[in-house]
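See below for the structure under consideration.
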Amino acid sequence: MTTFVDRVELHVAAGNGGHGCASVHREKFKPLGGPDGGNGGRGGDVTLVVDQAVTTLLDYHHSPHRKATNGKPGEGGNRSGKDGQDLVLPVPDGTVILDRAGNVLADLVGHGTSYVAAQGGRGGLGNAALASARRKAPGFALLGEPGGAQDIVLELKTVADIALVGYPSAGKSSLISVLSAAKPKIADYPFTTLIPNLGVVTAGSTVYTIADVPGLIPGASQGKGLGLEFLRHVERCSVLVHVLDTATLESDRDPVSDLDTIEEELKQYGGLDDRPRIVVLNKIDVPDGQDLADLVRPDLEKRGYRVFEVSAVAHTGLRELSFALAEQVANARAAKPKEEATRVVIRPKAVDDSGFTVVREEDGLFRVRGEKPERWVRQTDFNNDEAVGYLADRLNRLGVEEQLMKAGARTGDGVAIGPEDNAVVFDWEPTMMTGAEMLGRRGEDHRFEAPRPAAQRRRDRQAERDESDEEFDGFEPF
């Protein structure tokens, strides 16, 4: 059964925003007590957060679909809907987030580092929030926005200072078990290690981590064996340690050829040329192993490698190796640039930035793209004529109608607002009154213009008194 997963495809979806409520306060003798529809709640976000207690992506391998909760719709009585609950997904330290095309979206290193993978939709405004001096009792509310969704790929790259690389059964697991408190599986057959093992080593005042990377073989960089699957775990390491087997039973292998083969695979994988190398000749406790180590050591030192002869079984040469690795790690840490505090960059919009664009496409269609117009369209209930009139009023104030005229749009031309896969298309009328002409001028509510019988009777009686006064003024006495 698989217990370690370092690459998964995850489908995340944020919560949708709740719809606003269109409600009118009603009391006895107050048929129109004013709008009291509440706002919809915000949809929950999907956030990935580094958790040191998590070491594998196995949970997401079994459950790749994750969705946050939706916001609740608003209610009458000025009651706003409840916000959706954010979904927090813990991931191991060193997780890289990519899109399906392979572009890096985020690199999560360090406890608590987070990335919002999908943002919840904002809730729609209720008619109480839409009321104004011109529109005293709106008969509509805004819809909640749908939450964001995307397919992402999670790749785990082990965060360690030292990486042990070498052929299967070269003794990497044995070496890490004696240098640290790690207890990897050790056996006398190839590919015993199927997952990267991590150990913590203390050498003097330096504490560093060491990773046992599963065995590499020729062709690993092209996907042969387990190499390609785990070569990514070498990328974050500061120092590479070649563990060479001086007691191999295979007649066509020797430490120098093994080193050349692994170096070729690392070169093919790319991005590791700047890492310092150290060579460890392991298993010198075997008689033939010590002889072979004495034979190849001069050749390796001529190439510029620091060579250490060790025996994981007999615990020979481990102290010297441990302090040499600590020295390399200290040098690598000192060479890293100091981390600066994150600067807050403010980028104000230009004064003439309208926030949208109007482009005429080859088929004659005019497409409007921009955050505000697209959001307004998503929040509009096109089954409500008053809501459509409100949208037209907002687009007109933003300057969309003016830009369409400048782009050469004429009456009856097609206009699309939004991306190609999800756009609202309509025939343009210069006045942008489509659906609103039934309501008279935009911003007015005909319900307040309904005749009131008592007021009408008072006006009639006043008109009769005025007529009688005029007749009396025109009377001439005898």
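The values are calculated or read from the model by the stated rules, or taken from the named source; none is laboratory data. Quick caveat: nothing in here was measured; it's all calculated off a predicted structure. Neighbour counts are summed over all protein chains in view; Cβ atoms, including those assigned to glycine, are modelled from backbone coordinates with ideal geometry. Ligands, DNA and RNA are excluded from the accessible area calculation, which covers all protein heavy atoms including side chains. Shrake-Rupley method; radii C 1.70, N 1.55, O 1.52, S 1.80 Å.
Using the structure shown, select from Lys157/Lys302; Lys67/Lys267; Lys136/Lys372; Lys30/Lys372; Lys302/Lys338 the pairs with a Cα to Cα distance greater than 30 angstrom. Walk me through the numbers before you get to the answer.
Working: Lys157/Lys302 33 Å; Lys67/Lys267 41 Å; Lys136/Lys372 24 Å; Lys30/Lys372 37 Å; Lys302/Lys338 35 Å.
As for pairs spanning more than 30 Å Cα to Cα, those are Lys157/Lys302; Lys67/Lys267; Lys30/Lys372; Lys302/Lys338.
Packing here is the average count of other Cβ atoms within 10 Å per residue, and on that basis the peptides 42-49, 14-21, 364-371, highest first, run 14-21, 42-49, 364-371.
Suppose R0 equals 60 Å. What FRET efficiency, 1/(1 + (r/R0)^6) with r the Cβ-Cβ distance, do Glu9 and Arg457 give to the nearest 0.05? Before the final figure, lay out each step's value.
On the way: r = 74 Å, r/R0 = 1.24.
Here the calculated transfer efficiency is 0.20.
Think of each Lys and Arg Cβ as +1 and each Asp and Glu Cβ as -1; about the Cα centre, that makes the dipole of the stretch 232-311 roughly 480 debye.
Farthest towards the positive end of the charge dipole of the stretch 74-172, among the residues Ser80, Leu142, Ala128, is the Cα of Ala128, using unit charges on the Cβ of Lys, Arg, Asp and Glu. The apolar share of the surface of the stretch 1-60, taken as the fraction of accessible area on carbon and sulfur atoms (1.4 Å probe, ligands and nucleic acids excluded), comes to 52 percent.
Projecting the Cα positions of Val286, Leu272, Val310 onto the charge dipole of the stretch 267-312 (unit charges on Cβ atoms of Lys, Arg, Asp and Glu, taken about the Cα centre) puts Leu272 furthest along the positive direction.
Report the net charge of residues surrounding Val46, where surrounding means a beta-carbon distance below 14 angstrom and charges are Lys +1, Arg +1, Asp -1, Glu -1.
0
Charges were assigned to the Cβ only: +1 to each Lys and Arg, -1 to each Asp and Glu. The resulting dipole of the stretch 372-423 about its Cα centre is roughly 240 debye.
Take every pair of alpha-carbon atoms less than 8 Å apart whose residues are at least six positions apart; their mean separation over the length of the stretch 1-157 yields a relative contact order of 36 percent.
Among Glu263, Glu27, the order of accessible area from largest down is Glu27, Glu263, computed with a 1.4 Å probe on protein heavy atoms.
Summing Cβ point charges (Lys, Arg +1; Asp, Glu -1) relative to the Cα centre of the stretch 68-189 gives a dipole of roughly 640 debye.
Net charge near Val96, counting Lys/Arg +1 and Asp/Glu -1 over other residues with Cβ under 9 Å of its Cβ? The partial results should precede the final answer.
Numbers: positive: Lys157, Arg232; negative: Asp107, Glu155.
With Lys, Arg at +1 and Asp, Glu at -1, the net is 0.
By accessible area of protein heavy atoms, probe 1.4 Å, what ranking do Phe323, Phe356 get, highest first? Intermediate results must be reported in sequence, preceding the final value.
Details: Phe323 90, Phe356 20 Å².
Accessible-area ranking of Phe323, Phe356, largest first: Phe323, Phe356.
Taking a Cβ cut-off of under 12 Å around Val239, the surrounding Lys, Arg, Asp and Glu residues balance to a net charge of +2, with basic ones at +1 and acidic ones at -1. Largest to smallest in accessible area, the residues Arg375, Arg306 fall in the order Arg306, Arg375 (1.4 Å probe, all protein chains included).
Among 70-80, 128-138, 96-106, the peptide with the highest mean count of other Cβ atoms within 10 Å heads the list, and the full ranking is 70-80, 128-138, 96-106. To the nearest whole percent, what portion of all C-alpha pairs in the stretch 253-308 is separated by more than 18 angstrom? Looking at the stretch 253-308, the distances longer than 18 Å represent 36 percent of pairs. Each peptide in 378-384, 424-430 receives the mean, over its residues, of other Cβ atoms within 10 Å, and ordering these scores from highest gives 378-384, 424-430.
Estimated at 0.36 nm per residue, the fully extended path between Glu402 and Asp421 surpasses their Cα-Cα distance by 4.3 nm.
Compute the accessible area per residue over the stretch 244-399, keeping the other protein chains in place, probe 1.4 Å, unit Å². Could the numbers behind the result be given before it?
Numbers: 9490 Å² over 156 residues.
So the stretch 244-399 comes to 61 Å² accessible per residue, rounded to a whole number.
Within the full protein context, the accessible area of Ser322 is estimated at about 10 Å² for a probe radius of 1.4 Å. Tyr305 sits with roughly 50 Å² accessible to a 1.4 Å probe, with DNA, RNA and ligands left out of the calculation.
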